[in-house]
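The values are calculated or read from the model by the stated rules, or taken from the named source; none is laboratory data. Please read these numbers as outputs of a predicted model, since none were measured by experiment. Every residue, glycine among them, receives a Cβ derived from its backbone with ideal geometry; neighbour counts consider all protein chains shown.
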Amino acid sequence: MSELPTGFLPLGTTEVGDEVAQMATWTFRAATSLGALGVVLSLGFNLVLIPSVVALLVGGLAWRRARVLRDLPFAVNANHPWILDQAMGKAEVAVRAADDRWVVLGDLRLKLHTDPLLGDPLLVEANEPWDTVVRWPQASPARLQRWLVVGNTALALRDAVNGHDEEAEEQRRRAANDTDLLDRQWPEEEDTMEEGLALTRWLESARPKK
């Protein structure tokens, strides 16, 4: 993996990563605790051994899922509100491409597109001229949508901290509402909405008070 831009932190190592992987992390802790307790009890009761091993296996799978969920292809610098409550400079957001190259994002929002030739997911600008930002690795539609939500929320928070033009933001939202992408039913997947609630809270708390 290529090095992060100077001063950036991977989003999966922050509180956002904790939120995204919360359910899997809880499952891992509960299953491993029950499994370890069962192994101890099995010294006196052999019937407890098999359920204990099953619990440990479930804990291992949950730990692996938590790692996958934390692997978010975004990074933020120290001035982003997901790192500091009071920024001391300009907040920035970077995205990781399929080739592990990091790109610092400018004044834009993102949407998903599919390469018509290769079928790979493309991350493009949400408004004209819809230039390609990066090519993303193959992943489930639900995971790609989750990444998109996280990335656009990070950008909105960045703009709120940096004093982004509210009128320009409203025009961007209206343009996004006209696209077919937002009218499409999102795929269902476990935990997809869990992080969405937390990200919305962060977004609301970061908006300037009127």
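Candidates are the residues of region 23-47 that are of a type in the set (S, T, N, Q) and at pLDDT 70 or above; the one that is surrounded by the fewest Cβ atoms within 10 Å (Cβ to Cβ) is Ser33.
Kindly evaluate Glu170 against the criterion of being modelled with pLDDT under 90, within 26 Å of Trp82 (Cα to Cα) and either over 17 Å from the mean Cα position of the chain (by Cα) or surrounded by fewer than 15 Cβ atoms within 10 Å (Cβ to Cβ) (or both). Here the answer is yes, as Glu170 does meet what is asked. When the strands (runs of 3 or more DSSP E) confined to region 96-150 are screened for residues that are surrounded by 13 or more Cβ atoms within 10 Å (Cβ to Cβ), touching a helix residue (DSSP H, G or I) at 6+ places or on another chain (Cβ under 7 Å) and not aliphatic (A, V, I, L, M), those reaching at least 1 such residues are found at 110-114, 121-125.
Within region 151-161, the set of residues being within 19 Å of Glu19 (Cα to Cα) and in contact with a helix residue (DSSP H, G or I) (Cβ under 8 Å, 6 or more places away or on another chain) comprises Thr153, Ala154, Ala156, Leu157. Going by the structure shown, is Gln86 at pLDDT below 90, among the polar types (S, T, N, Q), part of a loop (DSSP other than H, G, I, E, B) and more than 24 Å from Thr6 (Cα to Cα)? Against the criterion (at pLDDT below 90, among the polar types (S, T, N, Q), part of a loop (DSSP other than H, G, I, E, B) and more than 24 Å from Thr6 (Cα to Cα)), Gln86 does not qualify.
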